[in-house]
Amino acid sequence: MTEPDIQQKVLEILKPFVKNEEMFANAGPQTKLLEDLAINSARLVDILLEFEDAFDVEIGDDDADRARTLGDVVSMLSGKVAA
Amino acid sequence: MNKPTAGRTPEQRVVVTGLGVVAANGVGVPAFAEALFAGTSGIRMQESMRAAKLSCQVAGVPQHTDERCGELFSTADLMAMNSNQRYAALAALEAWRDAGLPVPEAGDDAVDWDSGAVLGTGIGGMDTIAERVVPLVDAGRARRLGSTTVEQVMASGTSARIGGLLALGNQVTSNSSACSTGSEAIIAGMQRIRAGLAKRMLCGGSEGASPYIWAGFDAMRVLSRNFNDMPGQASRPLSGSAGGFVPAAGAGMLVLESLASAQARGATILAEVLGGEVNCGGHRGGGSMTAPNPHGVQRCIRAALGDAGVTADEIDLVNGHLTATGADPREVENWSAALERGPGRFPLLTATKSLVGHGLGAAGGIEAVASVLMLREQRVHGSINCEDLHAEIAPFSASIPRSTRHVPGLRTLAKSSFGFGDVNAVLVLRRWETPPANRGIH
């Protein structure tokens, strides 16, 4: 699975949780999930569970804490998928 | 016309300016009103109850609500809303819009500090607990519960959800007093407005649809079990062949508002909440966890009339709790004693549960909506399935319409709700007569 494929899937999973559609439409690696996309912080755990299911990986608490931007998420998932 | 009640000022008088309902025989006020006055039952066979081998396999479940919610809420929101909260959200949005109040956009940061909510539930998120919490925790997979579990199972889950939908800034809470929950919520809201602590309160109750919610009642043998193949005939309050109540789900809510606030914004007034009372029989004098102390019930009725500033003779209609258990004859007896009106002088009597089943925590709210509709239309909906009145109720037969009856003088209504724990709630509502000079303005 290539990084663009992973990013595409990540965006699909994020979409229902996004409250700032405009920022989402122009999202890039530096886009912050909470501040820019206005995702409710409590819902991050649901998003992480969906990532786990979609990519068949396990995401520990440390990985979850480090995933602040779209770029963080894609690179974290790429590493796990490749492993 | 609408004389000031018990010396209260327009700031202390409480009126109804909006209605919202999600019931088994109609979702939304127009559909509910049509079903109510047509005598249409919402009771249907439930495959989930049959699969669980419950003795009662019929229930009152609102139809097509997931489709409606899908149009109104995001996928992410719906993940966090069990059936109880979905019904509550639909009824709340309808009531708020019916009152002519703005439903804020999600991005709008304004808070309505003058408006609050008391929205109760009897059982709460039992379906979420049974379907998600227990299986996942038992399997050692608690982290799979995600973030949406607590808000669906916490006792205040419904009011919390609605507070956010409507940006309410006054008191937002959920009460719980078993099957008197919905009526108790309305009385609590009325009292807060009277005290000058809020201008308007969204009040009522909701309950989810799940065999997990109903199984405990089935085990108590208090549910209907002899009409599984005739769902429309299963809910039989007042009947001699009543064999238990039919469980139901849904939501019913009223927007309560001070008369001063309603008039200042030119709102359409649907009825006045003249007064109400809640109490508990203390599980004494024949009362218990599951049976009412008749002295408690009668005190509650008399105190509600006193709070409303009306005499017993002014009550034109009683919309009773009347569930179709052995408690129905006792309720009629208590009303007769408290009002000091025997069979020849008894007010009209109706049982909304004959059409929608027993909505537990939602019952008082749904039946309060039915009550306001009856006052508005000066029609009393019939109590179906009681052609064979219980022998002890038969002397009151002339007071019990079996089909919708036009009652031109219908003005003052009393609504009762009783619950496990020996708790009682009685509301007194009055038809709102628009002064002739103002007719047609709204």
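Laboratory data are not the source of any read-out in this text; all were calculated from the coordinates shown. Small disclaimer: the values here were computed from a predicted structure and weren't measured. With ideal geometry, Cβ positions are generated from the backbone for all residues, glycine too; neighbour counts draw on all protein chains shown.
The table for this structure:
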quantity: Dipole of the protein assembly as shown, positive end: most advanced residue of B:Leu259, A:Asn26, B:Ala155 [Cβ charges, Cα centre]; calculated: B:Leu259
quantity: Hits among lysines - C-alpha to C-alpha of B:Lys199 under 25 Å, sequence gap 8 or more where chains match; calculated: B:Lys3, B:Lys415
quantity: Cα centroid of region A:45-81 to Cα centroid of region A:7-41, whole Å; calculated: 14 Å
quantity: Mean separation of Cα contacts under 8 Å, 6 or more apart, over the residue count of chain A: relative contact order %; calculated: 37 percent
quantity: Calculated from backbone phi, Karplus (6.51, -1.76, 1.60) coupling profile of region B:175-180 in Hz, x at Gly/Pro; calculated: 9, 8, 9, 6, 7, 9
quantity: Calculated on alpha-carbon atoms, Rg and Dmax of region B:154-297 in Å; calculated: 18.5, 53
quantity: Fewest-first ranking of B:His358, B:His321, using other Cβ atoms within 10 Å as the exposure measure; calculated: B:His321, B:His358
quantity: Shape call, region B:1-117: gyration tensor on alpha carbons, a/c limit 1.5; calculated: oblate
quantity: In order through region B:363-377: 3J(HN,Hα) via Karplus (6.51 cos²θ - 1.76 cosθ + 1.60), integer Hz, x for Gly, Pro; calculated: 4, x, x, 4, 6, 5, 4, 4, 5, 5, 4, 5, 5, 4, 8
quantity: Simple Cβ-charge dipole of chain B, Lys/Arg +1 and Asp/Glu -1, about Cα centre, in debye nearest 20; calculated: 480 debye
quantity: Choice from B:Asp108, B:Asp307, B:Asp218 with maximal GNM fluctuation in chain B (Cα, 10 Å cutoff); calculated: B:Asp108
quantity: Between region B:216-256 and region B:9-27, the Cα center-to-center distance that results, in Å; calculated: 24 Å
quantity: Charge dipole (debye, nearest 20) of the protein assembly as shown; +1 at Cβ of Lys and Arg, -1 at Cβ of Asp and Glu; calculated: 2140 debye
quantity: Neighbourhood net charge (15 Å Cβ-Cβ; Lys/Arg +1, Asp/Glu -1) for B:Asp316; calculated: +4
quantity: Extension gain, B:Arg8 back to B:Ser74 (0.36 nm per residue minus Cα-Cα distance, nm); calculated: 19.4 nm
quantity: In nm, spacing of pseudo-spin labels at A:Glu35 and B:Asp66 (7 Å Cα→C-beta vector); calculated: 4.0 nm
quantity: Average Cα contact separation per residue, chain B, under 8 Å, 6 or more apart, as relative contact order %; calculated: 24 percent
quantity: For the protein assembly as shown, alpha-carbon Rg over 2.2 N^0.38 Å; calculated: 1.05
quantity: Global geometry of region B:103-233, whether rounded, prolate or oblate, following the gyration tensor of its Cα atoms and the 1.5 cut on a/c; calculated: oblate
quantity: B:Ser55, A:Ser41 arranged by Cβ crowding within 10 Å, fewest neighbours leading; calculated: A:Ser41, B:Ser55
quantity: Rounded to 5, the percent of DSSP beta bridges in the protein assembly as shown classed as antiparallel; calculated: 70 percent
quantity: Folded to 0 to 90 degrees: helix A:44-55 orientation relative to chain A principal axis, Cα; calculated: 40 degrees
quantity: Loop-located chymotrypsin sites (Phe, Trp or Tyr not before Pro) in region B:65-141, at most 13 other Cβ atoms within 10 Å (DSSP); calculated: B:Trp113
quantity: Proximal charge balance of B:Ser239 [Cβ under 11 Å; K/R count +1, D/E count -1]; calculated: -1
quantity: Positive-end residue of B:Ala167, B:Ser417, B:Ile123, charge dipole of the protein assembly as shown with Cβ unit charges; calculated: B:Ser417
quantity: Ranked list, fewest to most other Cβ atoms within 10 Å of each Cβ, for A:Ile47, B:Ile384; calculated: B:Ile384, A:Ile47
quantity: Length-normalised contact order for region B:160-295 - Cα pairs under 8 Å, 6+ apart - percent; calculated: 22 percent
quantity: Tensor-based shape of chain B (alpha-carbon gyration tensor, a/c under 1.5 rounded, otherwise prolate or oblate); calculated: oblate
quantity: Modelled label reach - B:Arg345, point 7 Å along Cα→Cβ, region B:355-399 residues with backbone N closer than 18 Å; calculated: B:395-399
quantity: Antiparallel DSSP beta bridges within chain B, percent to nearest 5; calculated: 70 percent
quantity: Assigned charges on the beta-carbon of Lys, Arg, Asp, Glu; region B:234-305 dipole about Cα centre (debye); calculated: 220 debye
quantity: Inter-chain Cβ neighbour average for residues A:39-52, partner chain, 10 Å; calculated: 3
